[in-house]
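The values are calculated or read from the model by the stated rules, or taken from the named source; none is laboratory data. Computed from a prediction, not measured in an experiment: that's the story for all the values here. Positions of Cβ are generated from backbone atoms using ideal geometry, with glycine treated the same way; all protein chains shown enter the neighbour counts. Ligands, DNA and RNA are excluded from the accessible area calculation, which covers all protein heavy atoms including side chains. Shrake-Rupley method; radii C 1.70, N 1.55, O 1.52, S 1.80 Å.
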Amino acid sequence: MDVRKILEDVRNGKISVDEALKAFAKMPFEDIDFAKIDHHRKLRQGMSEVIFCEGKTKEQVLKIFERMIERGEINIIGTRASREQYEYLREHLKDDVVYYETGRIICAKRVEIIKNPKGHVAVVSAGTADLKVAEEAAIVLEILGNNVKRMYDVGVAGIHRLFAHLDDIQSANAVVAVAGMEGALASVVAGLVSKPVIAVPTSVGYGANFKGLSALLTMLNSCANGVCVVNIDNGFGAAIVAHMINSLANQNL
């Protein structure tokens, strides 16, 4: 439950002042032993806390989702989620739970929200092997209310494939460029657009790729302007940056 909803409920007589005070007392964060849920995140940042599911037991993931649902949260996102965790949540939660297999995203209480009307975010990936990371970014962006245009398998080994999508890339408010191997895609894209490019190196590649380190270093050393770089395989982090940029373009932040 957010602050505005509590205040409206007090004004409409649905809850008492004492009940509101109890709710406010628990809102900054809630300690559930193994986690401290940041219920004020949406108030501070405009979006709720996102659950990183990898490394958590399915019971722990369930309890966090349950507590956030009890607080009235919608579109609760879990990243790096396994199908086992999803099946467990679907079995135990009363609310609808959606699983996006490729992006490894769980979303509970999925509700369509008003999308940013002006423009879109372009998510561009070098190869099919980068899809997990690209889809993590694209799905999070869509859940947060962004129009997303996907351009996949358009890496520099066949650069004509990228040029076929140039209008959609250049008209975007932000571009997420996902690439493994040598990671050159981000520099090429940034040299063609006037909007920020969020570069995501992936761990895709042969031995000297060093599990994404070569792509990371290429992107950090880009000679193109307007490139910012997130960590290896961090599609979620790129999505949040792109969402903030797109929201500013739509004057929603």
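Details
- Selection within segment 132-164 - open to solvent by less than 50 Å² (accessible area, probe 1.4 Å) and in a loop (DSSP other than H, G, I, E, B): LEU144, GLY145, ASN146, VAL154, GLY155
- Only listed residue being open to solvent by less than 20 Å² (accessible area, probe 1.4 Å), in contact (Cβ under 8 Å) with a residue 24 or more places away in the chain and closer than 13 Å to SER187 by Cβ, chosen from ALA199, ALA238: ALA199
- In segment 117-129, residue modelled with the lowest pLDDT [restricted to those that are under 19 Å from ASN246 (Cβ atoms) and open to solvent by 10 Å² or more (accessible area, probe 1.4 Å)]: PRO117
- Residue under evaluation ASP167, criteria (1) more than 17 Å from ILE232 (Cβ to Cβ); (2) outside any helix (DSSP H, G or I), criterion not met: (2)
- Yes/no for LYS36 being exposed (fewer than 14 other Cβ atoms within 10 Å of the Cβ), over 23 Å from GLU135 (Cα atoms), at pLDDT below 90 and touching a strand residue (DSSP E or B) at 6+ places or on another chain (Cβ under 9 Å): yes
- Any hit, segment 192-201, residues being touching a helix residue (DSSP H, G or I) at 6+ places or on another chain (Cβ under 7 Å) and on the phi > 0 side of the Ramachandran plot: no
- Some residue of segment 121-131 being assigned to a loop (DSSP other than H, G, I, E, B), over 17 Å from the mean Cα position of the chain (by Cα) and among the small types (Gly, Ala, Ser): yes
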